[in-house]
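The structure appears right after this line, and notes come after that.
Derivation of every value follows stated rules applied to the coordinates shown; laboratory data play no part. Quick caveat, the model's predicted, so the values are computed rather than measured. A quick note on method: Cβ atoms are made from the backbone with ideal geometry, for glycine too, and the neighbour counts reach across all protein chains shown.
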Amino acid sequence: MHSIWPWHVGVLDPQGPIGEAERLILLNATSIMLAVVVPVIALTIAFAWWFRASNHRARYLPDWSYSGPIELVVWSIPALVVLFLGGAGWISSHELDPPRPIASSKPPLEIQVVSLDWKWLFIYPKEGVATVNRLVVPAETPLHFSVTSATVMNSFFVPQLGSQIYAMAGMTTQLNLQADRPGTFPGLSAQFSGDGFSDMRFDVLAVPPDRFAAWLSEAHAGKDKLDETSYAMLSKPGIVRQPMTYASVTPRMFQTIIKESTGR
């Protein structure tokens, strides 16, 4: 379990292309706003100092009411800020659209994500294995997530990889991420979902491709199976203290979970 969130990880320490792009947006937006905030603070201090009661050189114009050049400056600066921020947001919202595939020579790894009370189920449909509260992936390989919820609405988020996305019952949201280098990246639920919400965390273990293949072999050698019976036990509200691995998965389990969550 992750009782304490490491202080040095998060959206400002990206480990993938999506996280890098999102950090750049934050830095650009902050720079644009600081271009207004810093001069305003400096001018406020300067005006207060210049027009202090003891400064007899300051000109007081009690009958002054309007200045065209001042009005132009006052309105043009916020208009430019909105224009720049809006432009950056418009461009990035299309470039970082969650379902948009990541350009790569490697095919994406398909991962199906199910939000439960209060745990995360990860199904590898092509590999035929599944895990709980631990996601093992190959580094430098695109990851395509299909995300749903078997209970209430939740939110899937790996801050260092980027792009928080919601998990909703009866629906599937799409997300594309990538880890550029091996490492362990904390993931969490970003949507309050009840008593066990604070423990609804998981690790993303990005490993070299050969180690990922070795992990798959080890996973297939296990005995636990994800079928209707084991899923019924897993889906009961509760906290999983240790990550779990299933050596095999009933075909189309993800689609079955979606249908069950809608009562169809």
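Along its three principal axes, how long is the range 29-165 when you only count alpha carbons? Whole Å, largest extent first please.
In descending order, the Cα extents are 82, 33, 27 Å.
Can you pull the percent of Cα pairs in the range 109-262 with separation above 26 Å? Please report the intermediate quantities before stating the final value.
Values: 2050 of 11781 pairs.
Across the range 109-262, Cα pairs with separations above 26 Å total 17 percent.
If neighbour count is taken as other Cβ atoms inside 10 Å, put 197, 122 in order from fewest to most.
On the way: 197 16, 122 23.
So the ranking, lowest neighbour count to highest, is 197, 122.
Report, in degrees rounded to the nearest 10, the 0 to 90 angle that the Cα long axis of helix 68-95 makes with the longest principal axis of the chain.
10
Divide, for the chain, the radius of gyration over alpha carbons by 2.2 N^0.38 Å, where N is the residue count.
On the way: Rg = 25.5 Å, N = 264, 2.2 N^0.38 = 18.3 Å.
Here the Cα radius of gyration is 1.39 times the empirical estimate.
Among residues other than residue 154 whose Cβ falls under 12 Å from its Cβ, what is the net charge (Lys/Arg +1, Asp/Glu -1)? Mind showing how you got there, number by number?
Details: positive: 119; negative: 117.
Taking every Cβ under 12 Å from that of residue 154, the sum is 0.
Just for the range 109-262, what percent of DSSP beta bridges are antiparallel, to the closest 5? Before the final figure, lay out the partial values.
Working: 29 of 44 bridges.
Taking every DSSP beta bridge with both residues in the range 109-262, the antiparallel ones total about 65 percent.
Please arrange 153, 244 by how many other C-beta atoms lie within 10 Å of their C-beta, fewest to most. Walk me through the numbers on the way to the answer.
On the way: 153 14, 244 18.
Going from least to most buried by this count: 153, 244.
Please name whichever of 15, 172, 102 sits farthest to the positive end of the charge dipole of the chain, dipole taken about the Cα centre and charges placed at Cβ: Lys and Arg +1, Asp and Glu -1.
Sorting the options by dipole projection puts first 15.
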